[in-house]
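Here is the structure we will look at, set down as structure tokens.
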Amino acid sequence: MNMKSHSLLCFMFLIVAFSSIQICLADCDNIQDTCPTSPSEKHTTSINGLTCNNPADKSAHDFKTMELSKSGSRDKFGSSINIVTASKFPGLNTLGISIGRTDIEVDGIVNFHNHPRASEMIFVKEGVLEVGFLDTQNKLFQKALKEGDVFVIPKGLFHFFLNRGVEVTTVFSVFNSQNPGLGSPTATPSESVEKIKRKLISLSESEVDSVDDLSLIVSEIIYS
């Protein structure tokens, strides 16, 4: 093989290799209409997602779920969070979305948390909700929502929910990721639930005198 042919072969190899890397790293469009999750619990390969079920076994049942039909058990903050991904709802597989339901009792809260891989769009089905998120400049964006309102929380930003109404608040969520994640700065807050509630209420009622006071309160809540 002469030098020219050898160089051409190397060049072609580099093109193929680079193309393969791009395919592996990029979020590609679906190459088929649907890809319900395989019910098998044993997967022999590790992929960024879940394996598809046999096309011959697809059915309308894969695209319906009742996972959000009922409220879950409440935590010590008086709220329940249920995020449903393709592992529980096969029809979501490869679509790049997941769904959720949050129920909050009167004066209950969902403490500061984030979804590292997704933005979240919430819809208030019942009740009254105070929602707020903190951007990377420590600026707080908050709003009082009522039944029928929609609010968007940008990807990865810490946010909280607070029920300021007189009945249980129910919120449905859509995430633009198949696996949004659920992050918390501390596994178990050191402060009492009531103290954290009071701090969140002070935020919702704007009982702060300056940006520094706001940052301090938020930091105390997040890292308590």
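Taken across the range 41-56, residues that are acidic (D, E), over 26 Å from G165 (Cα atoms) and loosely packed, with under 14 Cβ neighbours inside 10 Å do occur, with at least one present. Candidates P189, P185, P180: the one that is surrounded by 17 or more Cβ atoms within 10 Å (Cβ to Cβ), in contact with a strand residue (DSSP E or B) (Cβ under 9 Å, 6 or more places away or on another chain), part of a loop (DSSP other than H, G, I, E, B) and at pLDDT below 90 is P189.
Out of curiosity, is T169 closer than 19 Å to L200 by Cβ, among the hydroxyl-bearing types (S, T, Y) and either assigned by TED's automatic domain parsing to the domain that holds E105 or touching a Lys or Arg at 6+ places or on another chain (Cβ under 8 Å) (or both)? Yes, satisfied.
Being touching a Ser or Thr at 6+ places or on another chain (Cβ under 8 Å), free of Cβ contacts under 8 Å to residues at least 40 places away in the same chain and either buried (at least 20 other Cβ atoms within 10 Å of the Cβ) or not small (G, A, S) (or both), is that true of even one residue in the range 153-166? Checking the range 153-166: at least one residue is touching a Ser or Thr at 6+ places or on another chain (Cβ under 8 Å), free of Cβ contacts under 8 Å to residues at least 40 places away in the same chain and either buried (at least 20 other Cβ atoms within 10 Å of the Cβ) or not small (G, A, S) (or both).
Strands (runs of 3 or more DSSP E) fully within the range 76-141 that include at least 1 residues being basic (K, R) and within 22 Å of E167 (Cα to Cα): 98-104, 120-126. When L134 is tested against (1) surrounded by fewer than 20 Cβ atoms within 10 Å (Cβ to Cβ); (2) modelled with pLDDT under 90, only condition (1) is not met.
Residue count for the range 49-68 under the criterion of being assigned to a loop (DSSP other than H, G, I, E, B) and either closer than 23 Å to T102 by Cα or of a type in the set (S, T, Y) (or both): the result is 7.
The values are calculated or read from the model by the stated rules, or taken from the named source; none is laboratory data. Model, not experiment: these values are computed from the prediction. Because the Cβ atoms are built from the backbone with ideal geometry, glycine has one as well, and the counts that use them run over all protein chains shown.
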